[in-house]
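This report concerns only the one structure given below.
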Amino acid sequence: MSAVLLPLPDAAPRQRVAVLGATGSIGTSTLDVIGRHPDQFEVFALCAGRQVDALFVLCQRFRPPFAALATEAHAAQLREKLSAHGIATKVLSGRAGVEEIAAHPQVDAVMAAIVGAEGLGPCLAAARAGKRLLLANKEAIVVGGRYFMDAVQAGGGTLLPIDSEHSAIFQSLPDDPASWDRRVEKIILTASGGPFRSRDPASLRKVTPDEACAHPNWSMGRKISVDSATMMNKALEVIEARHLFGLPPARIEVVIHPQSIVHSLVQYRDGSLVAQLGMPDMRVPIAYGLAWPERIESGTPRLDFSKVAAMTFEQPSAERFPGLQLAWDALNGPEGTTAVLNAANEVAVQAFLDQRIRFDQIHAVNLHTIATVATQAPASLEALLDLDARARTEAEAAVAQHSA
């Protein structure tokens, strides 16, 4: 009997990825993972703020069809550099350019790693276009709230969390989202505690920006490093978890885990705890999001338990981290309060980095802004941006008062 030769299956097409925030820490980690799997992924577009030289280097390496920068002036500089080297990448500019890329019909996946509320518009564009949206920009959910989640559902795409904590929860939950409320008792977000976990709260008024940005475990940008030092990043993650996983705020907890080995946990109705563990390296959740439901090599060193001296857990200090409670206060307040909190915090953190206010005054600015700005359920992106602008104006006034 002669052998029957069956045709080999066609190779799966490469996934075309747009990386928004390509020159930041998440963007560079994403490109590192993509670079390890050229047979599975290709870079379709790279977007950055104003980092012309850094984006030019990435365009030289990946030769994407599209790139974008925040302003037309910066885009013109990049076009000139690319033209001089014979690189045919088309360069767009502004929010409209980034949104065009995020919704482009040839894009399969969008890594949303633009820091702050500026990432909301492109995230909405990707959601409405039904993309696989890899969400590293927690502010899109914090600001957009239910409006953003409705856009994801209406677009019919896939939303995958990239924050290490939310990715850990997603990996630890049952496959059937309809069963989460019935089977899960609570979710527990872990926090490193940042650089001031054991510092005397009375001494925090003297903290410098460089001290606040010296995170013991993670390499991050300055804004998110300050958020980690105040634990406002965890407050924003509580808000994000509420919308991503649908559990009420009372069933979301935070625990400090200084070693950053356990990335978060799910506690089930029978008392069981399921957790995701690993080295503190963002390439793990990035690789998971890119390949889901498959798993691929991330380039991350393996966890060696023989070298882990201890894993400890403790409750956050309300005196040391007063901003953490604002997550539950904002979630239980009128819709739109979380957007106000995010805007106030962005203004306050920048004012601290500019040395206009003290570290301990960040919370005071946030508290004042939430108490002052009236909110209502946003019905459009324009309404969200208007609320964001009003909150920033009030926060700037609070900063000026504290500066005086």
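Go through the stretch 114-127 residue by residue and turn each phi into a ³J(HN,Hα) via Karplus (6.51, -1.76, 1.60, θ = phi - 60°); whole Hz please, and just put x for glycine and proline.
6, 6, x, 5, 4, x, 5, x, x, 5, 5, 4, 5, 5
Which whole number in µm²/s is D for the stretch 17-162 by Stokes-Einstein, with the Kirkwood Rh taken over Cα pairs at 4 °C and 1.567 mPa s? Numbers along the way, then the final one.
Working: Rh = 14.9 Å.
Calculated translational D: 87 µm²/s.
Sorted by average packing, counted as other Cβ atoms within 10 angstrom per residue and highest first, what order do 122-130, 69-77 take?
Numbers: 122-130: 23.9, 69-77: 17.0.
In descending order of packing, they fall as 122-130, 69-77.
What FRET efficiency comes out for the pair residue 329/residue 186, r = Cβ-Cβ distance, R0 = 25 Å, nearest 0.05? Spell out each step's value before the answer.
Working: r = 19 Å, r/R0 = 0.75.
That gives a FRET efficiency of 0.85.
Once the Cβ-Cβ distance between residue 307 and residue 63 is put in as r, and R0 is 45 Å, what FRET efficiency do you end up with, to the nearest 0.05? Could the numbers behind the result be given before it?
On the way: r = 40 Å, r/R0 = 0.90.
The pair residue 307/residue 63 has a calculated efficiency of 0.65.
Return, for the Cα atoms of the stretch 254-382, the radius of gyration and Dmax in Å, separated by a comma.
So, for the stretch 254-382, Rg and Dmax equal 19.3, 54 Å respectively.
Taking θ as phi - 60°, what are the ³J(HN,Hα) couplings along the stretch 295-302 by the Karplus curve (6.51, -1.76, 1.60), each to the nearest whole Hz, with x for Gly and Pro?
Computed from phi, the couplings for the stretch 295-302 are 10, 10, 4, 9, x, 7, x, 7 Hz.
Skipping prolines and chain starts, which residues have an amide H placed within reach, meaning under 5 Å, of the one on residue 15, given they are 5 or more residues away or on another chain?
41, 42
For the stretch 333-404, state the average projected area of the convex hull of the C-alpha atoms over all orientations, rounded to one decimal in nm². Walk me through the numbers before you get to the answer.
Numbers: hull surface 17.1 nm².
Value for the stretch 333-404: 4.3 nm².
Please compute one quarter of the surface area of the Cα convex hull for the chain and express it in square nanometres. It would help to have the intermediate numbers written out before the result.
Numbers: hull surface 99.0 nm².
If you wrap the Cα atoms of the chain in a convex hull and average its projections, you get 24.7 nm².
Check which residues have an amide H placed less than 5 Å from residue 68's amide H, if you skip close sequence neighbours.
The answer is 46, 47, 48, 92.
Which of the peptides 35-45, 313-323 is most tightly packed, and how do the rest follow, judged by the mean count of other Cβ atoms within 10 Å per residue?
The peptides rank, most packed first, as 35-45, 313-323.
Show me the ranking of peptides 228-239, 275-286 by mean Cβ neighbours inside 10 Å, starting with the highest.
Numbers: 228-239: 26.5, 275-286: 20.6.
Packing proxy ranking, top to bottom: 228-239, 275-286.
Want the number for residue 71 to residue 36: 0.36 nm per residue separation, take away the alpha-carbon distance, what's left?
Numbers: separation 35, 0.36 × 35 = 12.60 nm, distance 3.14 nm.
Between residue 71 and residue 36, full extension yields 9.5 nm more.
Values quoted throughout were computed directly from the atomic coordinates according to the rules given, and no laboratory measurement underlies them. From a predicted model like this one, the values you see are computed outputs, not experimental measurements. In this analysis, Cβ positions are derived from the backbone assuming ideal geometry, glycine residues included, and neighbour counts consider all displayed protein chains.
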